[in-house]
């Protein structure tokens, strides 16, 4: 194999953190795989049957919800910049390489969104990645300023949505409220409140049904999802890409910091983030998870604290794994095959829960969902390393790389000399 076709050296820390992130994402996505989407935002909407379900929600809200997605976004930004910089250093057409990668990621994302599962993040990553190209040469200080500004815009977007919900709630409670106000309020309650009666029965029947009607539903209900995702969530995603670029350049995500520096980052991130999230969980619980408060807290109030939790989580992962070991090697392999593991998880979970497979949709409580999560984690850790001991890439990583370069890439590892 020539130097031109040999893959660049891996950065082990990036792979390890990515491996934890891709597994951690499932711990939150499992709710949207197995229950009506309302339960993802509002735990009272479905699957709350016991104290164990409440504890499961609290743990997920504080440690998982948004943190694993945020960590994955940090890593995507860092990896994207790494590919660009390596291409530029090698004298290759970096822009062409980058935009071909984003184009094919968009294709994969659209297939995932409409044919497999509605909760896709790849479409947004591809579109935001096309924008992030223009930040590649900015200094870390400028990237941080841009990231903070974008996160602030995201906070304002969510705050506006929450304010609108509070207004509709009050307006709908007024005697003789206009029909259009009542209709809007009921629509909002249906999207984020507790499902019951015919809406719940219809949702369960649809996801416990056949494959064809589900695809038709996604093509209709989520036809504009890519544009809506850019408008309502793209600000924070781009901010995290930029923060990831900084974390690559300053050595944080490559394991270049000292143990004491990582400990300090973890203590600051968790020392501020955990009490803040615990307080927000308490406020939500005392409020009774009303729709306006769910929007205000789950979407809005978490925005300032999420990056701190992401940094704290990454620092802790690096601290706990930097001395290696068998489990660390398996986690790193899961990260090297993160694309395959992410899409593969969707295939496994939809087959398990939807009607054309196991038909378990709506059958498990929130706490019981940890059983398929743990089983899938074990599967990811079991297959990834043996595969990558024989092959250079995960199956979908190889396909993505081959399509982006418009030539089939060498798959098998070269024989040792």
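The values are calculated or read from the model by the stated rules, or taken from the named source; none is laboratory data. The structure presented is a predicted model; accordingly, all values stated were derived computationally and were not measured. No Cβ is skipped: glycine too gets one built from the backbone with ideal geometry, and neighbour counts run over all protein chains shown.
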Wholly enclosed helices (runs of 4 or more DSSP H) of the range 102-219 bearing at least 1 residues closer than 22 Å to residue 245 by Cα and over 25 Å from the mean Cα position of the chain (by Cα): 140-173
Residue in the range 211-223 that is nearest to residue 355 (Cα to Cα), counting only those that are surrounded by fewer than 16 Cβ atoms within 10 Å (Cβ to Cβ) and touching a helix residue (DSSP H, G or I) at 6+ places or on another chain (Cβ under 8 Å): 213
What is the one condition in (1) surrounded by fewer than 20 Cβ atoms within 10 Å (Cβ to Cβ); (2) part of a helix (DSSP H, G or I); (3) within 26 Å of the chain's Cα centre (by Cα); (4) modelled with pLDDT of 95 or more that residue 251 does not satisfy? (2)
Could you check, for the range 69-79, whether at least one of its residues is modelled with pLDDT of 95 or more, out of contact with any strand residue (DSSP E or B) (no Cβ under 9 Å at 6 or more places or on another chain) and surrounded by fewer than 16 Cβ atoms within 10 Å (Cβ to Cβ)? no
Restricting the search to the range 29-50, which residues are closer than 19 Å to residue 300 by Cβ and part of a loop (DSSP other than H, G, I, E, B)? 37, 42
Please go through (1) under 23 Å from the mean Cα position of the chain (by Cα); (2) farther than 21 Å from residue 54 by Cα for residue 298 and return the number of the only condition it doesn't satisfy. (2)
Tell me whether the range 202-210 contains one or more residues that are closer than 30 Å to residue 75 by Cα and buried (at least 16 other Cβ atoms within 10 Å of the Cβ). no
Every listed condition ((1) modelled with pLDDT under 95; (2) closer than 30 Å to residue 356 by Cβ) holds for residue 180 save (2)
Within the range 276-293, is there a residue that is out of contact with any helix residue (DSSP H, G or I) (no Cβ under 6 Å at 6 or more places or on another chain), closer than 26 Å to residue 76 by Cβ, touching a residue at least 24 places away in the same chain (Cβ under 8 Å) and part of a helix (DSSP H, G or I)? yes
What number of residues in the range 160-185 are under 22 Å from residue 200 (Cβ atoms) and in contact (Cβ under 8 Å) with a residue 12 or more places away in the chain? 6
Residue 166 vs (1) farther than 26 Å from residue 25 by Cβ; (2) in contact with a helix residue (DSSP H, G or I) (Cβ under 7 Å, 6 or more places away or on another chain); (3) modelled with pLDDT under 95: all pass except (3)
